[in-house]
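Presented below is the structure to which this report refers.
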Amino acid sequence: MLLAVNVGNKVISFAIFSETGAESVACFKIAADLKKTADEYAVSVRQLLDYSGIDPKDIDGAIMASVVPQLNEEIKKVILALTGKTPVTVGPGVKTGFAIKIDDPAELGADIVANCAAAVAAMKAEGIEGPTILLDMDTVTTLFAINKNREVVGGAIIPGIDMSLGALHRETAQLPNIELLGATRAIGKNTRESLCSGVILGQAAMIDGLIDRFERELKCKSGEAILFATGEKSKPCLAYSSHTFRYDGMMTLKGLLEIYKRTVG
């Protein structure tokens, strides 16, 4: 079995995959906390593995992606302590299955690299060729493009839904910090409805507009690009998008599996 770990700004996601394919045997999440020690993380992960019926000794390999450098060493220690395996870390030297054609490939986030690996693998498995656009909506919203030659050519980074809502509350005297439950109309009749419209419908409209621009810059026809989406904030927002996405909440972790198989064999 393989352990895949994605260290995000707010959440650390874990998945255990079987040797036979991309279906996970177990998956769970814990809060990312810079104040926690490796020992504290290890206790939480061990308890969740036990709860999932997984013996850490049965894990044959591990891979991790991280966008929080401060947690890298702590999580590596946890993985090594529990499984006896030093994890492959997404970064220079790993085999992804695609080329990164941006000014500095080292700048591309490890989670985006994993998402691209999952998308390329899915397209290859289905025998589909063509441009691809990947949406990930979590702490931040990212859109990245893969051209017809399976090259990552760049993307856009946008404040996430919660980040946008929090900024509105913090930077104003009267706007409340509300729970977003969806937007029923664009013209809000009260403060809450207006915030939902601006944040949710605004993000959906922004994504739609960027996809149209991406397709023009990729020199493909409107609607030709294959669209993938992942991230906890994607589903409620994409309900208001004019585009059709292939949603997979496990996309980043599945991408880590693909990178591990290419890198380690």
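The values are calculated or read from the model by the stated rules, or taken from the named source; none is laboratory data. In this text the structure is predicted, and so the values were computed from the model without any measurement. Positions of Cβ are generated from backbone atoms using ideal geometry, with glycine treated the same way; all protein chains shown enter the neighbour counts. Note: areas computed on protein heavy atoms with side chains; ligands, DNA, RNA excluded. Shrake-Rupley method; radii C 1.70, N 1.55, O 1.52, S 1.80 Å.
Report the relative contact order of the chain, percent, no decimals, based on alpha-carbon pairs under 8 angstrom and at least 6 residues apart.
Here the relative contact order equals 19 percent.
So how far apart, in nm, are the two label points at residue 124 and residue 191 if each is 7 Å from Cα heading toward Cβ?
5.3 nm
Taking 8 Å as the Cα distance limit and 6 or more residues as the minimum spacing, I'd like the relative contact order of the range 47-108 as a percentage.
32 percent
Under the rule that an exposed site lies in a DSSP loop and has at most 12 other Cβ atoms within 10 Å, name the longest stretch of the chain with no trypsin sites (Lys or Arg not before Pro) of that kind, not counting the sites themselves.
With a cap of 12 other Cβ atoms within 10 Å, the longest stretch comes to 36-184.
If you take the square roots of the eigenvalues of the alpha-carbon gyration tensor of the range 1-89 and sort them as a ≥ b ≥ c, do you get rounded (a/c under 1.5), prolate (a/b over b/c) or oblate?
prolate
Students often get this wrong, so check it: of 95/254; 189/235; 124/254; 35/235; 101/235, which have C-alpha atoms separated by over 26 Å?
Pairs exceeding the cut-off: 35/235; 101/235.
Note the full-extension length gain between residue 86 and residue 23 as 0.36 nm times their separation in residues minus their Cα-Cα distance, in nm to one decimal.
The span from residue 86 to residue 23 would gain 20.4 nm if fully extended.
If you count the DSSP beta bridges with both ends in the range 60-200, what percent of them are antiparallel, to the nearest 5?
Percent antiparallel among DSSP bridges in the range 60-200 is about 75.
Please give the solvent-accessible surface of residue 52 in Å², to the nearest 10, using a probe radius of 1.4 Å with every protein chain present.
In the full protein context, residue 52 sits at about 40 Å².
Residue 206 accessible area, nearest 10 Å², 1.4 Å probe?
About 80 Å², ignoring ligands and nucleic acids.
So how exposed is residue 217, as accessible area in Å² (1.4 Å probe, rounded to 10)?
Only protein atoms counted, so the area is about 150 Å².
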